[in-house]
Amino acid sequence: RPEKIMALGCALLLSASCGFVLPAARFPAAVPPPRSSPPAANLFENLSKIAEYNKKYLGTAFAALTDDRKARASHILFGFKENAEDAEARARDVKCKLDSGEIEFESAASTYSSCPSAARGGDLGEFKRGAMVPEFDEAVFSQTSEQLGQIIGPIKTQFGWHIIRVDERSEAA
């Protein structure tokens, strides 16, 4: 068989060099490459959002280099993937229930949160400054010592709306 393949290849090369062209009906014409889509109408709006987020992210990353504090927090996430249109309203409703004492934080996290931490009552464990998305990080590390243990939010991030409780936080060295 290799001999036949070699002979066929040589025959094709020889016929091509002699100007012989195979009929187009047997070999379809090459498909032109797809055209790239035109730029989005809101390209500059999207670019400004990206620039704004990068500014927040870089600020948080820089703060992490100069701030060695750690925190332990819990949260309830009302994610955008589930019901984006009413995530904020649901977060505000649960926050009211928490503020009134109608429901405990761990129970609310287990019931309402769309984050895997719901199985632990919303506990995120200990994390360093800069480990979370900028809005979350700012909410956790900007609280005063007297506000520890209080419920804050709802805070909007790229993942959804969060209700946060900062349980512990080390002070700057």
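Calculate the translational D of the stretch 92-131 in whole µm² s⁻¹ from Stokes-Einstein, where the hydrodynamic radius comes from the Kirkwood formula applied to all Cα pairs, the temperature is 37 °C and the viscosity 0.692 mPa s.
Working: Rh = 10.9 Å.
Estimated via Stokes-Einstein, D reaches 300 µm²/s.
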Probe 1.4 Å, accessible area per residue of the stretch 62-165, Å² | 51
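With r defined as the distance between the Cβ atoms of Leu148 and Glu85 and R0 fixed at 30 Å, what FRET efficiency is calculated, to the nearest 0.05? Walk me through the numbers before you get to the answer.
Numbers: r = 33 Å, r/R0 = 1.11.
Taking R0 as 30 Å, the efficiency between Leu148 and Glu85 is 0.35.
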Measuring from label point to label point, each 7 Å out along Cα→Cβ, what is the Phe127 to Ser107 span in nm?
-> 2.7
With a ≥ b ≥ c from the Cα gyration tensor eigenvalues, square-rooted, and the rule rounded for a/c under 1.5, otherwise prolate when a/b > b/c and oblate otherwise, the stretch 106-173 is prolate
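The values are calculated or read from the model by the stated rules, or taken from the named source; none is laboratory data. Remember, it's a predicted structure, so these values are computed and weren't measured experimentally. So basically every Cβ, Gly included, is an ideal-geometry build from the backbone, and we count neighbours across all protein chains shown. Calculation scope for accessible area: heavy atoms of the full protein, side chains included, ligands and nucleic acids excluded. Shrake-Rupley method; radii C 1.70, N 1.55, O 1.52, S 1.80 Å.
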